[in-house]
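The values are calculated or read from the model by the stated rules, or taken from the named source; none is laboratory data. Computed from a predicted structure; not experimentally measured. Neighbour counts are summed over all protein chains in view; Cβ atoms, including those assigned to glycine, are modelled from backbone coordinates with ideal geometry. Note: accessible area is taken over every heavy atom of the protein model, side chains too, but ligands, DNA and RNA are not part of it. Shrake-Rupley method; radii C 1.70, N 1.55, O 1.52, S 1.80 Å.
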Amino acid sequence: MNRLNVELKFTAMLLAFAAAIPLTASAQQKLLPAQSEIAFVSKQFGVPVGGKFKKFDAELAFDPKKADAARVSFTVDLLSADIGNNETEAELKKPGWFNSAKVPQATFTSTSVKALGGGKFEFAGKLAIKGISQPVVVPVTLTQNSGVTKAVGSFTLKRLDFKIGDGEWNDVSIVANEVAVNVKLALTGIAPL
């Protein structure tokens, strides 16, 4: 796979990590990793290129009826980016992309959570990638069934805001600046909606 394709996939993965949606790691609230996913899609020469992160973790203190008191923090292992191509994944680790040898994790820390009604919430916070912190807002829809809460959300990141695909890959006609991040999380221990 050529270097451009590797960089595009890297950018998409980085953005995916940014998709910090409420995950749980507290004693009562837990993330079910096998049922959860953080995926990303970027475009290279107008063609969608997708991937996902295999390792992520979070700490959550979240009561749907007291959303304004919620606290969410999230870490994504940038080394776990999976785009289905070893060459591209190796490229993503380089300084121009994720720089994961120096900064191996992306983080999200909530600053506010707003209930919108009907199981919909808005998580605002700071996303840090490569040591660069930017504000993000992630709309999330929660559904519950048999003690499991599903949190589904998506948002768009601008990779150049985090210097992902820096240098020769700054040309957005080759690799789009926008990266769609899609999060599907399965959680236990969340109070009823």
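To keep it simple, each residue is scored yes or no on (1) closer than 22 Å to GLY50 by Cα; (2) among the small types (Gly, Ala, Ser); (3) modelled with pLDDT of 95 or more.
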site	(1), (2), (3)
GLU91	yes, no, no
ILE129	yes, no, yes
VAL137	yes, no, yes
GLY167	yes, yes, no
VAL172	yes, no, no
ILE190	no, no, no
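Out of all the residues in region 125-140, which are farther than 16 Å from GLY153 by Cα, assigned to a strand (DSSP E or B) and touching a strand residue (DSSP E or B) at 6+ places or on another chain (Cβ under 9 Å)? Matches in region 125-140: LYS126, ALA128, ILE129, SER133, GLN134, PRO135.
Could you please find all residues in region 130-154 being over 22 Å from ILE164 (Cβ atoms) and of a type in the set (D, E, K, R)? I'd like the intermediate steps shown before the answer.
Going through region 130-154, the residues over 22 Å from ILE164 (Cβ atoms) turn out to be 139-152.
Across region 130-154, the qualifying residue is only LYS150.
Within region 147-174, track down each residue that is within 23 Å of GLN105 (Cβ to Cβ), hydrophobic (A, V, I, L, M, F, W, C) and under 19 Å from the mean Cα position of the chain (by Cα).
We begin by selecting, within region 147-174, every residue within 23 Å of GLN105 (Cβ to Cβ); these are 151, 153-167, 169.
Then drop every residue that is not hydrophobic (A, V, I, L, M, F, W, C), which leaves 151, 155, 157, 160, 162, 164, 169.
Within region 147-174, ALA151, PHE155, LEU157, LEU160, PHE162, ILE164 meet the criteria.
Answer with yes or no whether LEU79 is open to solvent by 20 Å² or more (accessible area, probe 1.4 Å), within 30 Å of ILE190 (Cα to Cα) and touching a Pro at 6+ places or on another chain (Cβ under 6 Å). If you could, list the steps in order and put the result at the bottom.
Numbers: open to solvent by 20 Å² or more (accessible area, probe 1.4 Å): yes; within 30 Å of ILE190 (Cα to Cα): yes; touching a Pro at 6+ places or on another chain (Cβ under 6 Å): yes.
The answer is yes for LEU79.
If you go through region 170-189 and pick out every residue that is surrounded by 22 or more Cβ atoms within 10 Å (Cβ to Cβ), farther than 16 Å from GLU37 by Cβ and not small (Gly, Ala, Ser), you end up with 1. Take the conditions (1) under 19 Å from LEU32 (Cα atoms); (2) open to solvent by 40 Å² or more (accessible area, probe 1.4 Å); (3) of a type outside the set (A, V, I, L, M, F, W, C); GLY117 misses just one of them, which is (1). In the set (1) over 22 Å from GLN35 (Cβ atoms); (2) open to solvent by 40 Å² or more (accessible area, probe 1.4 Å), TRP97 fails one condition alone, (2).
Counting only residues that are part of a strand (DSSP E or B), open to solvent by 50 Å² or more (accessible area, probe 1.4 Å) and more than 24 Å from LYS126 (Cα to Cα), region 141-161 holds 3 of them.
In region 25-45, what residues are among the small types (Gly, Ala, Ser) and either open to solvent by 80 Å² or more (accessible area, probe 1.4 Å) or touching a residue at least 40 places away in the same chain (Cβ under 8 Å) (or both)?
Pass one, region 25-45, residues among the small types (Gly, Ala, Ser): 25-27, 34, 36, 39, 42.
Residues satisfying the conditions are SER26, ALA27, ALA34, SER36, ALA39, SER42.
Exactly one of these conditions fails for ILE164: (1) outside any strand (DSSP E or B); (2) among the aliphatic types (A, V, I, L, M); (3) surrounded by fewer than 14 Cβ atoms within 10 Å (Cβ to Cβ). Give me its number. Among (1) outside any strand (DSSP E or B); (2) among the aliphatic types (A, V, I, L, M); (3) surrounded by fewer than 14 Cβ atoms within 10 Å (Cβ to Cβ), ILE164 violates only (3). Do any residues in region 106-119 that are at positive phi and in contact (Cβ under 8 Å) with a residue 40 or more places away in the chain have Cβ atoms under 9 Å from those of residues that are among the hydroxyl-bearing types (Ser, Thr, Tyr) and surrounded by 12 or more Cβ atoms within 10 Å (Cβ to Cβ), where the two are at least six apart or on different chains, and which pairs are they? Taking only residues 6 or more apart or on different chains, the pairs are GLY119/THR141.
Looking at GLU122, is it in a helix (DSSP H, G or I) and of a type outside the set (Gly, Ala, Ser)?
Taking the combined requirement at face value, the residue does not satisfy it.
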